[in-house]
Amino acid sequence: MNSIPKEDVDVVIKANDIVEVVSEYVQLKKSGRNYFGLCPFHNENTPSFSVAEDKQIFYCFGCQKGGDVVTYIMEMEGYSFIDAVKYLADRGGVQLSLVDSEKEGPRISDESQNVISAYGWLTKLYHHLLRFAKDGKDGYQYFKNRGISDETIDTFKLGFAPNKSEFTASFLEKKGFHLQPLIKAGVLLDRENEQPIDRFRGRIIFPIRNHLGITVGFGARTLLKDDTPKYLNSAESELFKKNTLLFNFDLAKKHIRKLNEVILFEGYMDVISSYQAGFKNCVATMGTSLTEYQAKLLKRYVDTIIICYDSDRAGQEGAYRAAKILQGVGCSVKVGLLQDGMDPDSFIQEYGAKQFENQVIKGSDTFITFYMRYLRDKYALNQEDDRIRYIQAVLKEIAKIKSVIEREHYLKIIQDEFKISLDALQQELSRYVTVEKREQKKHQTKKTDVHFKEDIKLRPAYHNAERQLLAYMMQDKTITSKVQDDIGARFNIDAHKIIATHLYAFYEDCDTPDVSTFLNKLEDEQVKQTAIEIAMIGINEDISEKVIDDYIWLIRVQSERTFIDDLKEQQKLAERQHDFETAAKLAIKILELEKKLKLTN
């Protein structure tokens, strides 16, 4: 197994604050000493995922995953231990001294690694052609006509694939690539008994990067009026899954966290134009409808989503579908309003960044306001039946709002427009609110996490005492020394015995507590998970010596009871074997211990 010296691993862990690393994937909010967010490892609506900054560990009370920053990256990215440490070393600016030995298995297949390498070379090639070569002048001129600067072209590595059938295949062959895997991945198109051709020839190229900034596919737009399809994406593969990727997510992440909101667009050019105009917290779907996976990804980072789709009917239908999905995962949704016939890119080009900010972003509608406008096209409001159905549909949405003041605001809008008494509207609304509460309760019951049910079962007093004592021992060398002198490894739970023994050894080498480093030394995964769970227990910094003594007493009493039970089993065995002398000696021993135990109680 490829290994990295433990000293190097410890340095890497210390160079990467776990709160900062986790915050690149999950929206965290501080509560008490720890940070909480929605778990990235299982579906949940209520945050059960906790990060302890002082201990540099994470733990989910729902799915029980936990560990240090290395474990987190392994879980999130599917990395091996070595790859996770290398990634964090690069991130933290740490120089590793790797031991030369057998390489661990890669997180993705060799074939996919090969495709990533090919995409990397092609990104450079297409970008170079666009910026500096005669073959790319048509693509360059297209972006210039759209008002895109050279700086922005370079930021997004925009490119152009020349309309030469065998150009790309020949380039990749010269770089040492085998073409068949690239045909399978959809980078090239196969031609029977002939050289494969470029899938994207004659098109401008939008490199699609994953959240780590690695190009995993291309979006491509034709420059010819009659060429179809207008937009062409890489083929679906292990690397490129349209329903999970968001265009520009890698660049937008830090801006999304900073501003605590994200602008969601439909198209690549909308993102590029808005990014150039200063709106850097923007992403787009891959030419498809927003998926629940993408919505949950955004929810992990941010609460507020501003949907900014085209102003035509198709765009508004898409905005409505996206809004419902985002609301379903707990996001607060706003919808930007564009003038008829405009998309975000054309609005910015015509009216500029300031007006886009004031009119579209800051002036975005709440979901209910958008929904009321959206529904109008579906009903003939001059007809009584349609008017009633429209009002009922709006009331059903208003019923989902928790704020009474906000509900009242929208009821007054309906009252003013349709001349219906507020009392009648409130009476009808209360009926929908009752139904909504019933549905939410039913939904929450279905979503109840089994792990939480298991976790709340009562443990024996001695079991809880051992957990509490170990939590204090991880934070205090003095308490650990006292426990070692008083009971040593006489813990009653096997995993607790192992943890305590490791703690005694840990403090022989380390003078100060370091939970993350200690956990990193535990090799048994089950014991490690138990230790992580215990490490997340809240402790009192001003714990008295008497409380520690009480924990020790409970543990010792249970240990002696267990010892007495063992002696009783030996006594029964001796009697069955007619060894009455041994049985009598054991009986005396049991009586002495029970008397002693009674006195201590």
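The values are calculated or read from the model by the stated rules, or taken from the named source; none is laboratory data. This structure is a prediction, so every number in the text was calculated from the model and none was measured. Because the Cβ atoms are built from the backbone with ideal geometry, glycine has one as well, and the counts that use them run over all protein chains shown. For the accessible areas, the whole protein counts, side chains as well, though only heavy atoms, and no ligand, DNA or RNA atoms are used. Shrake-Rupley method; radii C 1.70, N 1.55, O 1.52, S 1.80 Å.
For this structure, a couple of remarks:
- Average projection area in nm² (convex hull over Cα atoms of the range 500-601, one quarter of hull surface): 9.9
- Farthest toward positive dipole pole in the range 123-268 [+1 Lys/Arg, -1 Asp/Glu at C-beta], among 252, 156, 229: 252
- Using a probe of 1.4 Å, the accessible surface attributed to residue 76 totals some 40 Å² when neighbouring protein chains are kept in position.
- With contacts taken as Cα pairs under 8 Å at a separation of at least 6 residues, the range 182-320 carries a relative contact order of 19 percent.
- Above-threshold pairs, the threshold being 28 Å between Cα atoms, out of 254/334; 258/412; 55/254: 258/412
- Size of electric dipole in the range 194-325: Cβ of Lys, Arg +1 and of Asp, Glu -1, about Cα centre, debye, nearest 20: 440
- Once the Cα atoms are used to define both axes, helix 477-486 deviates from the longest principal axis of the chain by about 30 degrees.
- Potential extension, residue 596-residue 540 segment - 0.36 nm per residue separation minus Cα distance: 16.9 nm
- Given R0 = 22 Å, the distance between the Cβ atoms of residue 212 and residue 3 translates into a calculated FRET efficiency of 0.35.
- Here the label points at residue 524 and residue 442, each 7 Å from Cα along the C-beta direction, are separated by 4.7 nm in the simple model.
- Sorting 131, 257 by accessible area puts them as 257, 131; the probe is 1.4 Å, largest comes first, and only protein heavy atoms count.
- Total formal charge among the other residues, if their Cβ is under 9 angstrom from that of residue 53, Lys/Arg +1 and Asp/Glu -1: +1
- Per-pair calculated FRET efficiency, R0 = 41 Å: residue 514 and residue 312 via Cβ, rounded to 0.05: 0.10
- Over 22 Å between alpha carbons, listed pairs 137/157; 164/184; 230/324; 242/442: 230/324; 242/442
- Charge dipole magnitude, Cβ of K and R +1, D and E -1 - the chain, Cα centre, debye nearest 20: 1540
- Peptide ranges 325-333, 306-314 listed from the most packed, as the mean C-beta count within 10 angstrom indicates: 306-314, 325-333
- Note on residue 178 and residue 43: with the Förster distance fixed at 41 Å, the Cβ-Cβ geometry gives a FRET efficiency of about 0.55.
- Label-reachable residues, the range 48-78, where backbone N falls under 15 Å from a point 7 Å from residue 459's Cα toward its Cβ: 61, 64
- Spatially proximal aspartates and glutamates relative to residue 174 (Cα-Cα < 13 Å; intrachain offsets below 8 disregarded): 166
- Aspartates and glutamates whose Cα lies under 13 Å from that of residue 378, excluding same-chain neighbours fewer than 8 positions away: 317, 386
- Proximal lysine pairs, the range 456-601, alpha carbons under 13 Å, eight or more residues apart or interchain: 5
- Accessible area of residue 546 in the full protein assembly, 1.4 Å probe (Å², nearest 10): 130
- Cα centroid separation, the range 537-601 to the range 338-409 (Å): 72
- Accessible-area rank, largest first, for 463, 178: 178, 463, with all protein chains present and a 1.4 angstrom probe.
- Summary value for the chain: 10 percent relative contact order, contacts being C-alpha pairs under 8 angstrom separated by 6+ residues.
- The computed mean projected area of the Cα convex hull in nm² for the structure shown corresponds, within (i) 27.9; (ii) 29.7; (iii) 41.0, to (iii).
- Secondary-structure-derived ellipticity at 222 nm for the chain, considering helices only, amounts to -17000 deg cm²/dmol, per-run term -39500 (n - 2.57) for DSSP H runs with n ≥ 4.
- With the highest mean first, a sort of the peptides 258-267, 573-582, 477-486 on other beta-carbon atoms found within 10 angstrom per residue produces 258-267, 477-486, 573-582.
- Among the trypsin sites (Lys or Arg not before Pro) in the range 327-379, those placed in a DSSP loop whose Cβ has at most 13 other Cβ atoms within 10 Å are 362, 378.
- Accessible-area rank, largest first, for 279, 156: 279, 156, with all protein chains present and a 1.4 angstrom probe.
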